[in-house]
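In what follows, a structure is listed as structure tokens, so that the remarks can point back to it.
The values are calculated or read from the model by the stated rules, or taken from the named source; none is laboratory data. Keep in mind that this is a model prediction, so the values were computed, not measured. Note that each Cβ is placed from the backbone with ideal geometry, even for glycine, and that neighbours are counted across all protein chains shown.
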2 protein chains.
Amino acid sequence: MNIIAIIDDDVYIGDMLEEVLRKEGYQTLRAYSGTEAILMLEKNTPDLLLLDLMLPGLSGEQVLEKIQDIPVIVISAKVDVQDKVQVLMNGAVDYLTKPFAVEELLARIAVQLRKREVVKSDIISWKEIRLSTVSHEIFVGDHETHLTRTEYAILRLLMINPEQVITKSTLLEHISEETPDCMESSLKVHMSNLRKKLRDLSGKDYIETVWGIGFKLRDE
Amino acid sequence: MNIIAIIDDDVYIGDMLEEVLRKEGYQTLRAYSGTEAILMLEKNTPDLLLLDLMLPGLSGEQVLEKIQDIPVIVISAKVDVQDKVQVLMNGAVDYLTKPFAVEELLARIAVQLRKREVVKSDIISWKEIRLSTVSHEIFVGDHETHLTRTEYAILRLLMINPEQVITKSTLLEHISEETPDCMESSLKVHMSNLRKKLRDLSGKDYIETVWGIGFKLRDE
DNA sequence: CTCCTTCTTAAGCCCAGGTTAAGCCCTCGA
DNA sequence: TCGAGGGCTTAACCTGGGCTTAAGAAGGAG
């Protein structure tokens, strides 16, 4: 059951949305100001946000900046293209102008949630390695181990781009999303640990270093 | 470099889109009918599709059904909510009605592409030699090797200026950016190593020495 | 034939990369 | 509130690849 948060100070629209979404089978959360939204997100983790731009307290744009990992659909009375572009480039996944058709909103919500579903439930596999994106466990044959966040981020990036060289800077960028200020020296250790786990499981060294550039999965 | 396919029978709009997208740094593909689109997708795998609904041959809706794993943004003159809903529920990730603002389209394209963490490598090619600017690997036919930083810098300079003589001093300048204090004596060794690698891959000696001046790629 | 440029090979040095161990920080549970 | 454990980072040490230097071989110019 998916949870959708409604952030809008207009009670009439908010109530209407809540009723429609409930009828559609979603759980709902409400917030009536930007600051309240932030507080709510500290305690709850909805699957999607419906965000109005003109809010008391923090503006919708400011709320958007603080959000990560949750898709945000902005619903606003602002029809100007520049507003749309700015919001979309700052992290929103979609933008609807008021007034809007409820059916269209529901469809666009479904688009975002179905995309998430695919990413969420998937198991990434390469050769005989299988990586669970949910539990962060790897399986090789009938052996298995758990990976740390960073190790997972590294291996995931490598497995999504099989037999492609990933530069150290690219790796650092993606890793830094989760653990900021990751230095190159740390990366070495993480690589070492990850290699050790893979070696313990499979007996082979899957990760090949490309000198002066980065790493890739060995194709042989 | 992301590849975007434009599927629209309206030549005027298609040309306009192609120009805008190219200017933005995307590569583009074109198809003018539903059937042509299917054929194109058998040979190419773009990162995103811009799809018109009213197409000769197969309709846009029918094309959409056959597509998986590639995000599709539908661009159509149909403004009816039911059309939008149907398309979005059948796999499209976004829907724009004509006429639309180009900036908004670009923003919505960016939204779809920013999630894909796929790392794409740029490749410089000359004759049957292909050189990856990311991984510093060279491919000749189905053979491949890795080049060191300096070897890469040399070959890159030669391949960017094909069949043109590069003086030793020019080479030294460019190489020194990466490894300072590179002397002419070192350059000779690097040239030697580079030639050996090319020879091992292709059997030919691609690099021609111009006596007293420098080097160039052999045109023959 | 001789000189000079260029090519190749071999040896040593330097620095990127790998490994291990120790310390810090955060989270969780008693 | 405090201790335990896991994860991240830092530092030290070791290995090995790449760069440079030097010396000898090869090949063109005069």
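Would you tally the residues in region B:202-220 being modelled with pLDDT under 85 and in contact with a Phe, Trp or Tyr (Cβ under 9 Å, 6 or more places away or on another chain)?
Step one: filter region B:202-220 for residues modelled with pLDDT under 85, giving B:202-205, B:212, B:218-220.
Those still in the list that are in contact with a Phe, Trp or Tyr (Cβ under 9 Å, 6 or more places away or on another chain) too: B:218.
Residues flagged as modelled with pLDDT under 85 and in contact with a Phe, Trp or Tyr (Cβ under 9 Å, 6 or more places away or on another chain) within region B:202-220 amount to 1.
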So for region A:107-127 (the condition being hydroxyl-bearing (Ser, Thr, Tyr), more than 27 Å from A:Asp52 (Cα to Cα) and in contact with a strand residue (DSSP E or B) (Cβ under 8 Å, 6 or more places away or on another chain)), does at least one residue qualify? yes
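Would you mind finding the one in B:Thr145, B:Thr170 that is of a type in the set (Ser, Thr, Tyr), at pLDDT below 85 and not assigned by TED's automatic domain parsing to the domain that holds B:Glu65? Step through it out loud before you land on a result.
On the way: B:Thr145 fails: at pLDDT below 85.
Just a single option satisfies the conditions, and that option is B:Thr170.
Residues of region A:49-108 being polar (S, T, N, Q), under 21 Å from the mean Cα position of the chain (by Cα) and either closer than 25 Å to A:Glu19 by Cα or within 14 Å of chain B (Cβ to nearest Cβ) (or both), which ones? Spell out how you get there, then give the answer.
Step one: filter region A:49-108 for residues polar (S, T, N, Q), giving A:59, A:62, A:68, A:76, A:82, A:86, A:90, A:97.
Next, from what is left, pick out any that are under 21 Å from the mean Cα position of the chain (by Cα): A:62, A:68, A:86, A:90.
Correct list: A:Gln68, A:Gln86, A:Asn90.
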Residue, farthest from the other protein chains (Cβ to nearest Cβ), within region A:127-170, restricted to residues that are surrounded by 15 or more Cβ atoms within 10 Å (Cβ to Cβ), of a type in the set (A, V, I, L, M, F, W, C) and assigned to a loop (DSSP other than H, G, I, E, B): A:Leu147
Of the residues that make up region B:88-105, is at least one under 30 Å from A:Ser169 (Cβ atoms) and touching a strand residue (DSSP E or B) at 6+ places or on another chain (Cβ under 7 Å)? yes
Close pairs (8 angstrom Cβ cut-off, 6 or more residues apart or separate chains): closer than 10 Å to A:Ser202 by Cα in region A:140-151, within 13 Å of DNA strand C (Cβ to nearest atom) and hydrophobic (A, V, I, L, M, F, W, C) anywhere: A:Val140/A:Leu198
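Name the single residue, out of those in region B:176-201 being among the polar types (S, T, N, Q) and not in a loop (DSSP other than H, G, I, E, B), that is modelled with the lowest pLDDT.
Restricting attention to region B:176-201, the residues satisfying the condition of being among the polar types (S, T, N, Q) are B:176, B:179, B:185-186, B:192-193.
Then drop every residue that is not not in a loop (DSSP other than H, G, I, E, B), which leaves B:176, B:185-186, B:192-193.
On the way: B:Ser176: 62, B:Ser185: 80, B:Ser186: 83, B:Ser192: 89, B:Asn193: 89.
Going through the qualifying residues, I end up with B:Ser176.
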Residue pairs within 6 Å by beta carbon, gap of at least six or interchain, first lying in region B:191-212 and in contact (Cβ under 8 Å) with a residue 40 or more places away in the chain, second surrounded by fewer than 16 Cβ atoms within 10 Å (Cβ to Cβ), listed first then second, are B:Lys197/B:Thr145; B:Leu201/B:His143; B:Tyr206/B:Arg218; B:Val210/B:Val165
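Condition first: part of a loop (DSSP other than H, G, I, E, B) and either not charged (D, E, K, R) or not assigned by TED's automatic domain parsing to the domain that holds B:Arg108 (or both). Can you find one or more residues in region B:32-41 that meet it?
Filtering region B:32-41 for residues part of a loop (DSSP other than H, G, I, E, B) gives B:32-33.
Filter once more, so that each one left must be either not charged (D, E, K, R) or not assigned by TED's automatic domain parsing to the domain that holds B:Arg108 (or both): B:32-33.
For region B:32-41, residues part of a loop (DSSP other than H, G, I, E, B) and either not charged (D, E, K, R) or not assigned by TED's automatic domain parsing to the domain that holds B:Arg108 (or both): present.
Might you let me know whether region B:101-121 holds any residue that is assigned to a loop (DSSP other than H, G, I, E, B) and either modelled with pLDDT of 90 or more or among the aromatic types (Phe, Trp, Tyr) (or both)? Don't jump to the end; show me each part of the working.
Here is the first cut: in region B:101-121, the residues assigned to a loop (DSSP other than H, G, I, E, B) are B:101, B:115-121.
If we keep only those that are either modelled with pLDDT of 90 or more or among the aromatic types (Phe, Trp, Tyr) (or both) as well, we get B:101.
Checked region B:101-121: at least one residue is assigned to a loop (DSSP other than H, G, I, E, B) and either modelled with pLDDT of 90 or more or among the aromatic types (Phe, Trp, Tyr) (or both).
Each row is one residue, and each column tells you yes or no for (1) surrounded by fewer than 16 Cβ atoms within 10 Å (Cβ to Cβ); (2) of a type in the set (Gly, Ala, Ser).
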site	(1), (2)
A:Glu19	yes, no
A:Glu24	yes, no
A:Ala31	no, yes
A:Ile38	no, no
A:Glu42	yes, no
A:Pro46	no, no
A:Ser59	yes, yes
A:Ile73	no, no
Conditions (1) assigned to a strand (DSSP E or B); (2) more than 26 Å from A:Gln112 (Cα to Cα): number failed by B:Ile73: (2)
